[in-house]
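Contents: one structure, followed by commentary.
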Amino acid sequence: MEEKNSQVIFDKNAVEFVTVAAEFCGFMERVSDLKRRDFVDKSLKLLPLLYLKASLLPACERMDEADPETFVTETDYEVLRGSIASLLGEYDDYLEVFLDDMAYSDTPIHQNISENLADIYQPLKDFICVFQLGLEQTMNDSLAICRELFAEFWGQRLVNVMRALHDVKYRQMRHGEPEEDSSSLYEEDCTEEELYEGLDMGEEE
């Protein structure tokens, strides 16, 4: 069982997911240093990559009934959510129709991009922190939990918030803010190589 456990946590797809998840968390933590356009633009690059890598995670089973330690506090969550909300300003709000609560509502439900991104950040940051401890059993369990939560919770948040961010970038900001230049809408703030940096860590020699 221990050998199988090691194979899962050091699987190429698991290693690549860890890399992208760490990049996403680090990016969210730098939100106060970013401009609004840059934040929206890179979020729309990182989120689909994060979804792809999560969808490729190997199947794994928990080894311990007890949950691994968590690290993100309610204060951490609120600080991050507030920082994103402050940066996005009027663009933070959107209406969502693809939620469980819609079964009891005839109208779209008010949502916030900042809250959705914080909902994605929290389980990923807890996962990354456990992985950094280097204990194989808890690493395995945190991977299993993260994979479960992707299917049940934050994966849906991710695709919902991508739709909202796409609307902000390509419709709302284009009409609501002064144009910087004709190419600013599609300007790259990072290269593909930078976005994929470290993703070859799991390659076999």
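The values are calculated or read from the model by the stated rules, or taken from the named source; none is laboratory data. In this text the structure is predicted, and so the values were computed from the model without any measurement. Backbone-built Cβ (ideal geometry, glycine too); neighbour counts: all protein chains shown. Only protein heavy atoms, including side chains, enter the accessible area calculation; ligands, DNA and RNA are left aside. Shrake-Rupley method; radii C 1.70, N 1.55, O 1.52, S 1.80 Å.
A few notes on this one:
- Under 12 Å, Cβ to Cβ, from Asn112 - net charge with Lys/Arg +1 and Asp/Glu -1: -4
- For segment 1-77: accessible area per residue (Å², 1.4 Å): 53 Å²
- Segment 127-178: chymotrypsin sites (Phe, Trp or Tyr not before Pro) in DSSP coil with no more than 10 other Cβ atoms inside 10 Å: none
- As a fraction of the 1.4 Å probe accessible area of segment 40-165, surface on carbon and sulfur atoms comes out at 50 percent.
- The relative contact order of segment 1-88 comes to 45 percent, based on Cα pairs under 8 Å that sit 6 or more residues apart.
- Shape call, segment 42-97: gyration tensor on alpha carbons, a/c limit 1.5: oblate
- Highest-first packing order for the peptide set 72-78, 52-58, 139-145 is 139-145, 52-58, 72-78, based on the mean count of other beta carbon atoms within 10 Å.
- Counted charge near Leu50, where neighbours are those whose Cβ lies closer than 14 Å (Asp, Glu -1; Lys, Arg +1): +3
- Counting heavy atoms of the protein chains alone, His175 has an accessible area of about 150 Å² for a 1.4 Å probe.
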